[in-house]
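To start, the structure under review is shown below, and the notes come after it.
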Amino acid sequence: MTGDLVGAPVHRLEDAALLTGTARFTDDIELPGTVEAAFVRSPHPHALIRSVDSTAARNLAGVHAVFSHADLAPLLTRNLIPPDNPTLKFAESTRAVVLAKDEVCHVGEIVAIVLADSRYVAEDAVALVDVAYEVLPSVSDCRDALAPGAARVHRDAPDNVVATFRAEYGDCGPAFAAAAHVLPLSLRQHRGGGHPIEGRGIVARFDPATEGLTVWSSTQGAHRVRDALVVLYGLDETRVRAITPDVGGGFGSKHIVYPEEVVVAGAALALKRPVKWIEDRREHFLAAIQERDQYWDIEVAADADGRLLGLRGSMVHDQGAYTLLGFNVAHNATLAVPGPYLLPNYRLDVTIAATNRVGTIPVRGAGYPEGTFAMERAMDAIADELGADRAEIRRRNLIPADRIPYELPLKARDGSTTHYESGDFPACMEKALESAGHDRFAERQAAARDAGRYIGMGVANCTKITGRGPFETGIVRIGPSGRITVHTGAMAMGQGIKTAYAQICADQFGVDPGAVKVITGDTGTVPMGIGGFGSRQTVTAGSSIHLASVEVREKALKTAAHMLEVSDRDLDLKDGTISVAGVPDLSVSLADVAKALSGAIGYARPKDMPPGLEASVNFLPTGLTYGNSAHVVEVEVDVGTGGVRITRYLVVNDSGRLINPTIVEGQIVGGVAHGIGNALFEWMGYDDAGQPVTTTFAEYLLPTAPVVPNVEIVHHETPSTVNPLGVKGVGEAGVIPAAAAVMSAIESALAPFGVRIRETPISPPRLVELIGEAKAGS
Amino acid sequence: MTGVGELPETRSVTLSVNGERHEIDVETRMTLADCLRRKLGKTGTHLGCEHGVCGACTVLVDGRSARGCLMLAVQANGAEITTVEGLASRGGEWHPLQQAFHEHHALQCGFCTAGILTSMVEFLGENPDPTEDEVREALSGNICRCTGYQGIVRAVLDAAGRLRARNGAIAP
Ligand code: FES
Ligand code: FES
């Protein structure tokens, strides 16, 4: 490394526009002649569409068009939404469609789009579109979906099984037979939606002069949006450009290409004028992805000392009506189970079940919270069985530092095995316990109980796969202006990655991060991009940008050496100027070097130097890198009301080398808040037919300032060995063990009653119920 | 909803936004937030739920915080409105809250930020020396999905100090 910006708590470059109201989110894009869209959505969980009559809607003043499947079909090459994953085998009936043709399979599925002068008029017109439905039987709960004789989610499917798979290594049979303890656990896990405060949205413009289609979309994957539009409308790659303006959070809910994006772009092609659609919150509840339900029936085997011998069982995952991405949530959940622990034998049989609810894909954490929850509940169950301390049981099972690198024969989706290449899991937990005063907690707890107060301390550990490849481009360019720009396929959605990337780049040129302009999420400037998910972008794009910056720096120094007729080893690069060491007057600016390399007349250029002061790098990680964390939580439970107050929250986190500790801490705290939501508040309810019953923020509760505690963070930096920066991803680190730690703490507080928590989220009334049941059972 | 063939009713209203007077015709059903964003180009005010819970749309109407999504533009006729664009001084110097938000990493995506800033301007006006619990309580009407609130709470406490110092300096 050259400068000292990497690792510095630099204030964010993104802030100024956001703080003064001059940022540009999708809804802030106003193109002349824009018409606004509203969607006609299915009010039924499952129905046949007999007819769509939009006459009255079309006749409303201010309405330009109403398109249903029949109207847009001629423009589309097919009615199926990408991604096209050739290796994924699943029930064809669950392939998502662009527009419902004759069957709708969840409430909120789009049936038609209305285009009008304003959203107000468009919504008036939506109410005038007359859709004749024939309601079909539906299924809401994923376990019911698998019962014999269950209603079918898709009329033509033989059953509701989307796919099955097994995660396995070792041999559970003998391990369980020999175990001193075998403990069963039935877990019901629920995670709601992403709920970024900015919903989804898209503006599409067709320009007849260039035959170009430009879309501005609030997405986590601009390139995937472009690619989908290219395929679905049979367009030329070079004629379609997807741009992501400022994005108001994603958390998974903007990670796929949605039918709405495709239909809005189609409407722009058909009308030859700009079209805008901005999701409202109700639509986000109805039609944006969620993570939702998993039912685990497992048993864990341990020896007499509480050391893990095996974990086995089955899990049912609620896929919703459509397979929008694959089985990442279920798959990741199975991968997350062993986590930082020595688990010698493992077998989990997974059934992915279709339901008449909106499709599920990963929300921040992506199945890791569920797998972690399962293992951490198992740890607590073993501790309770043995009457041992919960931290002590974990201590006995954590992978010792001297066994790192550690290999698990468990395959990730890219086919690689789980390979913990760095990290010290026991040290992280000990640090967390020590900071939390764990060894003196029992005394405090006893004193509190004497005073009639129920306090508890919980602990949970996790690992998280990060830095998924295959790559993310980093382009560094210095033009004749001397200004430095970075282009990448990575996506900014509020994390602060532009600042982090600017730090990485600026370090090579001895300039302020503010002197580096970072442009993300524009397919017009970077041909390929994967996108923002899975805590991957600092690793992939960060490494590419670092390597490209180093290359440009070297190019600049060599060229300057030629121009100054000295050796490049005698040169200093600082403040955008290259000078001969000790002779500051003998210098050239980066602008001059850029001019020389751009072929400007009169500038000397080394003959063998490729033109352009720029470099483009696609760093290919040789392996995944794993972050890990230990969370310790203290709570106080009001046994009368079931109210849970989190009084202390400690995180020890290993995200490898930190680019910007402030941004990393922001990611962790935000993740913890999300995890607290999953533990105590966020519940996406459906009735037995599949009708959503929580469709406002008054019914679906997000964590607010009074319920989220201050989170104390201790960094434990073990640099990753598989990328040049030594970084690990951090976007999801905070959320993963949070619900497990909170539940552990609640159980600890309620130990006198023997309450066992086997579900997320847990509401106050439910906790009161569990206390009652535990009292009655004891 | 307007019936078929019936034109939505419009009224002429006068709004003063960040000290600038506007006389405009608005549909009676248009919300204040849509009016500010669409008709007056003040896109710094955001909509996160349009049902009064998230607080992203909060603006100051005659100095009092109001949900721009729940108030109609016609209800604000004659009022003085402050949006996030009006928080900095005329010379462009940031409000102490804006400065503190920047320094304490009180925003990530920034979509909730305008509504939080305006709410906190009102709050610190009423309670210049709040405790952390009071700040958290005051923030309970604004949802932030990104930050976990920690940076926001620190920033508000810090800004309170800066404002006290500034006001103390003016009025000893
Ligand atoms: S948009 Fe007004 S409160 Fe959410
Ligand atoms: S900063 Fe993203 S919602 Fe608050």
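The values are calculated or read from the model by the stated rules, or taken from the named source; none is laboratory data. Predicted, not measured: the structure shown is a model, and the values here were computed from it. Quick note on the areas: whole protein, heavy atoms, side chains included, nothing else; ligands and nucleic acids left out. Shrake-Rupley method; radii C 1.70, N 1.55, O 1.52, S 1.80 Å.
Please compute the Kirkwood hydrodynamic radius of segment A:27-161 from all pairs of different C-alpha atoms, in Å with one decimal.
With all distinct Cα pairs of segment A:27-161 included, I get 16.6 Å.
Got the relative contact order for segment A:641-718 handy, in percent, Cα pairs under 8 Å and 6 or more residues apart?
Relative CO of segment A:641-718 lands at 55 percent.
May I ask you to evaluate 6.51 cos²θ - 1.76 cosθ + 1.60, the Karplus curve with θ = phi - 60°, for each residue of segment A:660-671 and list the ³J(HN,Hα) values in order in whole Hz, giving x for glycine and proline?
After applying 6.51 cos²θ - 1.76 cosθ + 1.60, I find 9, x, 5, 5, 4, 5, x, 5, 5, 4, x, x Hz.
Taking every alpha carbon pair in segment B:117-172, what does the distance histogram look like in 10 angstrom bins from 0, in percent?
23, 55, 18, 4, 0
Rg to Rh ratio, segment B:10-86, alpha-carbon atoms and Kirkwood radius?
Result for segment B:10-86 is an Rg/Rh of 0.92.
Measure out, as a whole number of angstrom, how far apart the alpha-carbon centroids of segment B:22-78 and segment A:134-172 sit.
Here the answer is 46 Å between Cα centres.
Take every Cα-Cα pair in segment A:462-512 and report what % of them are more than 12 Å apart.
73
Before rounding to the nearest 500, sum -39500 (n - 2.57) across all DSSP H runs of length at least 4 in the protein assembly as shown and divide by the residue total; then give [θ] at 222 nm in deg cm²/dmol.
Value at 222 nm, helices only, nearest 500: -8500 deg cm²/dmol.
In terms of solvent-accessible area of protein heavy atoms at a 1.4 angstrom probe, what is the ranking of A:Thr499, A:Thr77, B:Thr43, highest value first?
Putting A:Thr499, A:Thr77, B:Thr43 in descending order of accessible area: A:Thr77, B:Thr43, A:Thr499.
A:Tyr406: accessible area at probe 1.4 Å, nearest 10 Å²?
Its heavy atoms expose roughly 30 Å² to the probe.
For segment A:637-734, compute Rh as the Kirkwood radius over C-alpha pairs and then the Stokes-Einstein diffusion coefficient at 20 °C and 1.002 mPa s; write the answer in µm²/s, rounded to an integer.
136
Report B:Glu137's accessible area, 1.4 Å probe, all protein chains in place, as a number in Å² to the nearest 10.
110
How about A:Lys411: which lysines have a C-alpha closer than 19 Å to its C-alpha, ignoring those fewer than 8 places off in the same chain?
Leaving aside lysines fewer than 8 places away in the same chain, those within reach of A:Lys411 are A:Lys89, A:Lys464.
A:Val40's amide H: which non-local residues (gap 5+, or another chain) put their own amide H closer than 5 Å, with H modeled 1.01 Å from N in plane and none for Pro or chain starts?
The list, which skips near neighbours in sequence, is A:Val111, A:Ala112, A:Ile113, A:Val114.
Which of the lysines could a cross-linker bridge to B:Lys42, judged by Cα under 26 Å and excluding same-chain residues fewer than eight apart?
A:Lys254, A:Lys276, A:Lys498, A:Lys517
In the protein assembly as shown, what percentage of the DSSP-assigned beta bridges are antiparallel, given to the nearest 5?
Roughly 80 percent of the beta bridges in the protein assembly as shown run antiparallel, per DSSP.
Where a Cα-Cα gap under 15 Å defines reach, which aspartates and glutamates qualify for A:Lys558, not counting those fewer than 8 residues away within the same chain?
Of all the aspartates and glutamates, those that pass the test against A:Lys558 - Cα under 15 Å, at least 8 places apart if same chain - are A:Asp568, A:Asp570, A:Asp572, A:Asp592, A:Asp608, A:Glu614.
Using a Gaussian network model on chain B with a 10 Å cutoff between Cα atoms, which of B:Gly151, B:Gly92, B:Gly63 fluctuates the most?
The residue with the greatest mean-square fluctuation here is B:Gly92.
From the convex hull of the Cα coordinates of segment A:357-499, what is the mean projected area in square nanometres?
Mean orientational projected area (segment A:357-499, Cα hull): 15.7 nm².
How big is the protein assembly as shown in terms of Cα radius of gyration and Dmax, in angstroms?
Rg and Dmax of the protein assembly as shown, Cα atoms, are 28.4, 92 Å.
Over segment A:676-774, what is the relative contact order in percent, taking alpha-carbon pairs closer than 8 angstrom and at least six residues apart?
After rounding, I find 35 percent.
Defining a contact as two alpha carbons under 8 Å apart and six or more residues distant in sequence, what relative contact order in percent does chain A show? Intermediate values should be presented prior to the final figure.
On the way: 1950 pairs, mean separation 120.5, N = 778.
For chain A, the relative contact order is 15 percent.
Rounded to whole Å, give me the distance from the Cα center of segment A:681-735 to that of segment A:326-402.
Distance between centres, Cα-based: 17 Å.
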